[in-house]
1. If the requirement is being within 14 Å of chain B (Cβ to nearest Cβ), without any contact (Cβ under 8 Å) to a residue 40 or more places away in the chain and buried (at least 19 other Cβ atoms within 10 Å of the Cβ), which of these qualifies: A:Gly430, A:Gly384?
2. Go through region A:346-378 and give me each residue that's polar (S, T, N, Q) and either within 14 Å of chain B (Cβ to nearest Cβ) or over 24 Å from the mean Cα position of the chain (by Cα) (or both).
3. Look at A:Thr301 and say whether it is surrounded by 18 or more Cβ atoms within 10 Å (Cβ to Cβ) and either under 30 Å from A:Asn259 (Cα atoms) or out of contact with any helix residue (DSSP H, G or I) (no Cβ under 7 Å at 6 or more places or on another chain) (or both).
4. For the subset of region B:264-297 comprising residues that are among the charged types (D, E, K, R) and at pLDDT below 95, which member is nearest to B:Val75 (Cα to Cα)?
5. Output the residue which, of all residues in region A:388-410 that are among the charged types (D, E, K, R) and in contact with a Gly (Cβ under 6 Å, 6 or more places away or on another chain), is nearest to A:Leu435 (Cα to Cα).
6. Within region A:311-332, is even one residue at pLDDT below 95, in contact with a helix residue (DSSP H, G or I) (Cβ under 6 Å, 6 or more places away or on another chain) and buried (at least 18 other Cβ atoms within 10 Å of the Cβ)?
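The values are calculated or read from the model by the stated rules, or taken from the named source; none is laboratory data. All of these numbers come straight from a predicted model, not from anything done at the bench. Positions of Cβ are backbone-derived with ideal geometry, glycine not excepted, and every protein chain shown enters the neighbour counts.
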Amino acid sequence: MKKLYILVAFFFFSAAPSLAGDFLSISGRLDLLGSGALESDSIRESPSLTGRVKIDLAPSKWRFHSWLEGGWDGSVKRPARDHSLLKSWDEVYQSNTPFLEFKELYAGFTTEALEIRAGIQRFAWGRLDEYPINDLLNPWDHTRFLRKSLEDRKIGVPSLSATLSRGDWTFDAVWVPILVPYRLPLPDERWFGASAISPLARMPGAEIIPREPDLPPRTVGNSAVALRMRHAGEIDWALNLFHGYDPRPVFKTTALVINPQAGKVLIDPGFVPDFHKITVIGLDAATVMGDWSLRSELGYTFGRPFNIRQELWGYPTQPAPGTFPLNPIGRKSDTLDYGVGADYRLFEDCVLTMQAQQTIIIEQEGALYDRKLETLLWANLKTGWMNQKIETNLNIAYNPEHGDGMTKVNVLYVFTDSWKAGTTAVFFTGPPQSLFGRFSGNDQVELELIYSW
Amino acid sequence: MNRKQLLTRQESRLNLPAAISTPPPPRQEGGRFFNVASLCKIVWKASVLFLTVILSAVTGHAMSGREVYEKVHEVRSKMLDRKTEVTMVLFDKGGGKRSRTLSEYCKRSVPEGYKVLVLFRSPPDLKDVGFLIHARTFAERDLWVYFPEYKRVRRIPTTSQDDSFFGSDFSYDDFGGPPNLDDYRFSIIKEEVLDGRPCYKVEVTPKVRRKYTRYIAWVAKELWVQLKIDYYQDKELYRTGAFKDIKVVDTIPTPFSLNVENRKTGHRTELTIESIRYHTNFTDELFTQRSLERSGR
């Protein structure tokens with residue numbers, strides 16, 4: 001069956017260009033990625049070969065759209081523990097390669113004013129890049145977390161959406177009937193990063209096997225809904241409402257179990273992914289002032305879940321065989337998130353993008369790692385050279401509260417309309433529990449070859 | 001103001017003697033045929049006519065540069081309701097080439113504005129990238145760009161209007177409607193024959209800061225389309241445009257082949273109109289951000 005899926009996917013990829021017609025559009029991309037770790041003691045990643053095929057069929061008012069992705073994922077620890085080919089909506093830890101996944105697969109019906117879509121969809125709400133405050137409908141795939149773009153890390157969710165346009169006004173409504181969980185890497189994979197169980201991983205023969213969570217019952221009451229009202233004008237603005245499970249990962253604790261067995265030490269780390277409903281009311285806006293393109297976003301979250309600092313989780317300082325109950329680690333607080341972003345054209349084909357966003361945790365009682373006020377600063381300098389045959393990007397992110405940050409330098413060369421190649425160097429710094437500092441051992445250089453058609 | 005009124009206003013601007021030959025005002029109460037204000041007006045118009053005749057005699061041109069461009073503006077305004085399928089080929093100095101295909105939708109909107117939606121159909125990495133213009137007047141525009149990779153519409157400042165349009169030698173401004181004539185100064189340099197067509201060679205100088213300091217255009221008499229444009233940065237020629245294969249479609253003269261070259265880099269872009277349809281009368285729904293996100297579908 002697995003071979004059949006691969007054969008079908010291969011057929012679509014190779015035969016698709018000849019199938020394209022007036023109302024049928026097919027395109028795709030193959031991506032070969034290799035990375036070299038700059039830290040000698042970090043977990044390695046194998047080369048990846050991934051492909052995507054997008055099919056659009058638009059006869060009359062109906063539209064069919066499919067985005068199939070698949071291939072060999074180098075971030076998965078070999079041999080893969082999970083041998084299923086299709087990505088699942090039931091599991092958080094999915095260590096499967098090769099894999100196939102529908103990022104999008106929906107049918108739509110469009111009239112001049114109304115569009116209804118049903119199927120697997122990804123949404124992009126809000127205005128900010130990287131961490132948009134009101135973009136909550138899709139959970140993220142964290143398996144290569146900061147090495148994937150925001151849109152690439154979004155997992156498509158089964159949903160029903162309606163968009164109604166009247167002049168400058170647009171109204172959106174989305175219903176996601178079942179919870180699709182976020183995805184996390186396994187502890188022995190490169191992008192798991194530093195965590196409370198890092199000392200356990202250093203035990204000789206340690207094999208850490210995290211437990212899958214029991215997902216909340218998939219009832220109508222547990223479904224997610226989102227509403228948005230947009231207005232286009234001198235200032236484009238939108239009012240957003242989301243009610244559903246928080247797409248950001250948090251955990252609950254059980255008990256740490258260290259069990260030596262036949263030369264191995266099997267470890268249940270004692271924490272499992274947890275899911276909590278939140279309600280978010282938000283506002284976003286964008287406008288142009290002189291040479292500046294400005295955007296902003298704001299969101300008030302009711303009951304956002306957090307975890308306390310990892311040193312309070314109750315892990316033993318000297319790991320030994322046995323069972324160790326852990327402390328409750330969950331807290332809840334309302335939060336206020338806001339941010340502003342700006343694009344400024346320095347010269348032709350050179351744009352500086354800046355963004356600052358802050359989170360105020362209303363009830364920070366001291367046990368959280370996050371401070372009452374958390375700040376994230378981003379800057380990106382994108383420059384095109386030789387009529388955009390060469391593109392360079394310098395990206396810097398910094399959190400002043402914890403002093404963690406990320407620097408990324410990328411160069412991309414366009415050989416032809418179909419072939420591109422690029423290289424990226426990425427560096428992380430900061431304390432182990434911080435957003436970027438978790439990956440401070442993951443500095444790396446990447447080479448990428450892209451073929452698209 | 002409706003289209004008919006607009007055209008009437010433009011026609012009256014184009015035809016100065018006609019303005020002077022308007023019938024005299026009706027006799028005022030009290031028996032005076034001329035009041036002082038209307039007398040001054042007539043004296044002023046006569047002076048303008050006299051000066052125009054004298055200047056024409058000196059320069060030898062029947063029209064001023066501004067009048068030539070009012071004609072060009074009129075033709076370009078007629079082009080505003082259209083759908084165009086375009087192929088754009090980018091040539092490197094070294095001989096490498098890249099191709100893009102685009103669909104362009106335009107709509108005239110009241111009173112003097114227009115809307116434009118440009119959508120890339122190929123190459124694959126630009127497919128469904130879109131560019132939307134809402135021009136409230138010929139001088140005031142809002143611009144948005146959509147990249148499917150980010151799934152987000154971005155507003156872009158109009159100061160980017162002279163930047164390269166997605167790596168080509170065309171600018172964003174080249175995909176807009178006719179410019180606001182009040183933002184330029186025009187002067188006819190001479191009359192010249194180009195590609196077998198008699199032309200006015202006109203120097204056009206922007207009043208506001210642009211990437212170019214001036215351009216010299218060859219405008220075909222009778223057709224009122226530009227056949228060639230040389231763009232200068234001070235005294236240095238930096239960009240040239242040649243517009244060929246002119247066909248009349250629905251009474252509108254249309255260049256089907258446009259070749260723009262950057263003289264500094266040697267990079268060149270050939271744009272070919274594969275098909276064009278005028279008087280399309282698209283609905284406003286085609287020119288929304290939602291339509292931009294959905295690639296016009």
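1. Values: A:Gly430 fails: within 14 Å of chain B (Cβ to nearest Cβ).
Answer to the check: A:Gly384.
2. A:Thr353, A:Gln355, A:Gln364
3. In short, yes.
4. Of region B:264-297, the ones among the charged types (D, E, K, R) are B:264, B:268, B:270, B:274, B:277, B:284-285, B:290, B:293-294, B:297.
Those still in the list that are at pLDDT below 95 too: B:264, B:284-285, B:290, B:293-294, B:297.
Details: B:Lys264: 31, B:Asp284: 23, B:Glu285: 26, B:Arg290: 31, B:Glu293: 31, B:Arg294: 31, B:Arg297: 29 Å.
Out of the qualifying residues, it is B:Asp284.
5. Pass one, region A:388-410, residues among the charged types (D, E, K, R): A:389, A:391, A:401, A:404, A:408.
Add one more test, that the residue is in contact with a Gly (Cβ under 6 Å, 6 or more places away or on another chain), and what stays is A:391, A:404.
Values: A:Glu391: 28, A:Asp404: 7 Å.
Among those residues, the one meeting the criterion is A:Asp404.
6. Scanning region A:311-332, I find at least one residue that is at pLDDT below 95, in contact with a helix residue (DSSP H, G or I) (Cβ under 6 Å, 6 or more places away or on another chain) and buried (at least 18 other Cβ atoms within 10 Å of the Cβ), so the answer is yes.
Residues checked against (1) within 14 Å of the chain's Cα centre (by Cα); (2) more than 12 Å from chain A (Cβ to nearest Cβ); (3) buried (at least 18 other Cβ atoms within 10 Å of the Cβ); (4) closer than 28 Å to A:Ser25 by Cβ:
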residue: B:Ser64; (1), (2), (3), (4): no, yes, yes, no
residue: B:Tyr69; (1), (2), (3), (4): yes, yes, yes, no
residue: B:Arg76; (1), (2), (3), (4): yes, yes, yes, no
residue: B:Thr84; (1), (2), (3), (4): no, yes, yes, yes
residue: B:Met88; (1), (2), (3), (4): no, no, yes, yes
residue: B:Gly95; (1), (2), (3), (4): no, yes, no, no
residue: B:Arg98; (1), (2), (3), (4): no, no, yes, yes
residue: B:Cys106; (1), (2), (3), (4): yes, yes, yes, yes
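Residues are listed down the side, and each one gets a yes or a no for (1) within 12 Å of the chain's Cα centre (by Cα); (2) basic (Lys, Arg); (3) within 14 Å of chain B (Cβ to nearest Cβ):
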| site | (1), (2), (3) |
| --- | --- |
| A:Ile133 | no, no, yes |
| A:Arg144 | yes, yes, no |
| A:Asp152 | yes, no, yes |
| A:Pro158 | no, no, no |
| A:Ala162 | no, no, yes |
| A:Pro177 | no, no, no |
| A:Arg183 | yes, yes, no |
| A:Asp188 | no, no, no |
| A:Pro204 | no, no, no |
